[in-house]
Amino acid sequence: MKPLYVSRYLLCSFAFVLLYPTAIDLYLVALPQIAKDLSASESQLHIAFSIYLAGMASTMVFVGRAADRLGRKPVAMCGAVIFTIASMLAGSAQTSDSFLVMRFFQGVGAACCYVVAFAILRDTLDDQKRAKVLSMLNGITCSIPVLAPVIGNLIMIQFPWPVLFTAMAMMGIAIGLTACFVLKETLPKSEPTTLIVDEGSSEFMFNRFFISRVIFTSLGVTAILSYVNTSPMIVMDTLGFTRSEYSTAMALLAMVGMATSFSAPIALSYFKQNTLMVAAQITSLLSAIVILAAHLNGDSSTLYMAGFFLISMSFSMGFGVAMSQALSLFSRKAGLASSMLGIAQVSCSALYIWLMALLGLSAVMMLMIALVASGMIGLSLILLFPHQNVSEHHEETSCPT
């Protein structure tokens with residue numbers, strides 16, 4: 001494939017993925033003001049987070065098949081339109097109920113673009129390149145926590161919180177225009193029916209290796225979203241940071257994730273994919289230990305920041321590689337596989353955050369449980385399924401020694 005076309009597809013994929021974290025991170029600095037204006041409690045703020053993820057999960061059930069049948073382009077355009085309208089209506093909400101409904105539909109729109117982004121990468125890149133690109137994609141995604149709190153704080157200085165959702169709507173419009181005028185359809189052209197049946201029948205969603213990577217990535221997303229969800233309470237409420245100080249701290253920590261993500265493709269040239277994934281899980285467990293030490297030592301801000309530093313590193317090291325390994329098993333059903341991954345990731349995250357809020361666990365405890373579960377179970381999955389590294393297998397069969 002020509003480099004020009006590859007660049008076009010990478011641009012579109014990166015842009016589509018950005019809707020998902022933008023709708024999470026941009027409004028975090030406004031949580032106290034939103035709660036006050038809509039007469040919402042702290043538990044309802046947790047629910048708003050889960051409602052957004054629930055919108056994504058429920059939509060992905062249908063989006064994957066739609067992308068495999070209708071094409072990547074129309075699904076992405078539809079998602080951008082839904083996201084834009086929902087963002088505008090969320091900004092004009094007068095009650096907590098209407099705000100939650102619009103958060104749900106923001107998730108619907110983001111889900112369409114999220115699934116299409118990974119399907120495009122599966123359509124256009126081979127296994128080894130995709131592992132590196134997905135690691136870089138983490139770096140692009142991590143740019144949102146760097147920029148969003150800073151931009152959100154600047155907006156809040158001059159304008160009320162609804163303007164944050166106007167900014168999201170403008171981003172949705174930009175994504176829609178990108179899908180309409182920049183993206184070229186990547187859905188593989190139809191072949192004779194017999195070939196489609198043969199090829200599609202070999203792609204099983206209940207493949208044990210695929211399921212292991214679904215669980216692995218779901219736990220990773222749950223840990224990182226628990227971090228995003230609890231960080232305002234830990235940093236502003238427990239540690240006493242101001243909104244501006246919180247924005248600065250989160251931006252600096254997110255830069256750690258960016259640096260790690262952009263370094264991962266280089267690391268993959270020297271280390272095996274599973275080695276990088278093991279390092280990620282060990283780092284996750286270390287972060288839980290450091291955060292526990294911070295909590296037991298009078299809520300030490302230094303130790304908390306060190307723990308957050310390790311969280312940013314761990315997710316960036318392993319997530320992209322695991323996603324690539326999961327998608328490597330599919331060609332005709334790339335959209336469906338992407339949607340299954342997305343459904344599991346956001347459902348697991350939403351259910352966990354909702355359950356922890358329902359049980360009334362503290363923000364620190366919620367975060368620590370997620371980190372320990374991700375690290376321990378993730379390591380177990382790598383040990384149980386260590387040999388089915390699709391990228392390396394392809395290299396060995398195609399490059400005889």
Task: Number of the condition not met by THR95 [criteria: (1) touching a helix residue (DSSP H, G or I) at 6+ places or on another chain (Cβ under 8 Å); (2) of a type in the set (Val, Ile, Thr); (3) surrounded by fewer than 19 Cβ atoms within 10 Å (Cβ to Cβ)] - done: (1)
Task: Residue among VAL290, VAL321 that alone is within 20 Å of the chain's Cα centre (by Cα) and assigned to a helix (DSSP H, G or I) - done: VAL321
Task: Residue in the stretch 206-219 that is within 30 Å of SER284 (Cβ to Cβ), touching a Leu at 6+ places or on another chain (Cβ under 7 Å) and modelled with pLDDT under 90 present - done: yes
TODO: Could you please find all residues in the stretch 335-372 being part of a helix (DSSP H, G or I) and surrounded by fewer than 18 Cβ atoms within 10 Å (Cβ to Cβ)?
DONE: LEU351, LEU355, LEU358, LEU359, MET365, ILE369, VAL372
Open item on the list: Looking only at the stretch 222-249, filter to residues that are small (Gly, Ala, Ser) and in a helix (DSSP H, G or I); which one of those is modelled with the lowest pLDDT?
Closed with: SER247
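May I ask you to list the residues in the stretch 164-173 that are under 17 Å from ALA111 (Cα atoms) and either under 20 Å from the mean Cα position of the chain (by Cα) or charged (D, E, K, R) (or both)? Spell out how you get there, then give the answer.
Residues of the stretch 164-173 that are under 17 Å from ALA111 (Cα atoms), as a first pass: 168-169, 171-173.
Scanning the stretch 164-173 gives MET168, ALA169, MET171, GLY172.
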TODO: Any residue in the stretch 160-176 that's farther than 21 Å from LEU31 by Cα: show its pairings with residues that are among the basic types (Lys, Arg) and in a helix (DSSP H, G or I) at Cβ separation under 9 Å, as long as the two are six or more apart or on different chains.
DONE: none
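On the basis of being on the phi < 0 side of the Ramachandran plot, aromatic (Phe, Trp, Tyr), touching a residue at least 40 places away in the same chain (Cβ under 8 Å) and not in a helix (DSSP H, G or I), does PHE330 make the cut?
Values: on the phi < 0 side of the Ramachandran plot: yes; aromatic (Phe, Trp, Tyr): yes; touching a residue at least 40 places away in the same chain (Cβ under 8 Å): yes; not in a helix (DSSP H, G or I): yes.
It is true that PHE330 is on the phi < 0 side of the Ramachandran plot, aromatic (Phe, Trp, Tyr), touching a residue at least 40 places away in the same chain (Cβ under 8 Å) and not in a helix (DSSP H, G or I).
Please pick out the residue among SER135, SER58, SER98 that is without any contact (Cβ under 8 Å) to a residue 40 or more places away in the chain, part of a helix (DSSP H, G or I) and of a type in the set (S, T, N, Q). Reasoning before the result, please.
Numbers: SER135 fails: without any contact (Cβ under 8 Å) to a residue 40 or more places away in the chain; SER58 fails: without any contact (Cβ under 8 Å) to a residue 40 or more places away in the chain.
Answer to the check: SER98.
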- [ ] Return only the number of the condition from (1) part of a helix (DSSP H, G or I); (2) at pLDDT 90 or above that ASP299 does not satisfy.
- [x] (1)
- [ ] Determine if the stretch 81-92 includes at least one residue that is surrounded by 24 or more Cβ atoms within 10 Å (Cβ to Cβ) and not hydrophobic (A, V, I, L, M, F, W, C).
- [x] yes
Task: Near pairs, Cβ below 7 angstrom, 6+ apart or cross-chain, from the stretch 66-86 (more than 16 Å from TYR9 (Cα to Cα)) to any residue that is among the charged types (D, E, K, R) - done: ASP68/LYS333
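Just to be sure before I move on: is SER269 crowded, with 18+ Cβ neighbours inside 10 Å and either out of contact with any Lys or Arg (no Cβ under 7 Å at 6 or more places or on another chain) or in a helix (DSSP H, G or I) (or both) in the structure I sent? Let's see the steps before the verdict.
Values: crowded, with 18+ Cβ neighbours inside 10 Å: no; either out of contact with any Lys or Arg (no Cβ under 7 Å at 6 or more places or on another chain) or in a helix (DSSP H, G or I) (or both): yes.
Judged against the criteria, SER269 is not a match.
The values are calculated or read from the model by the stated rules, or taken from the named source; none is laboratory data. What you are looking at is a predicted structure, and each value in this text was computed from that prediction instead of being measured. For neighbour counting, all protein chains shown are included, and Cβ atoms are generated from backbone atoms with ideal geometry for every residue, glycine included.
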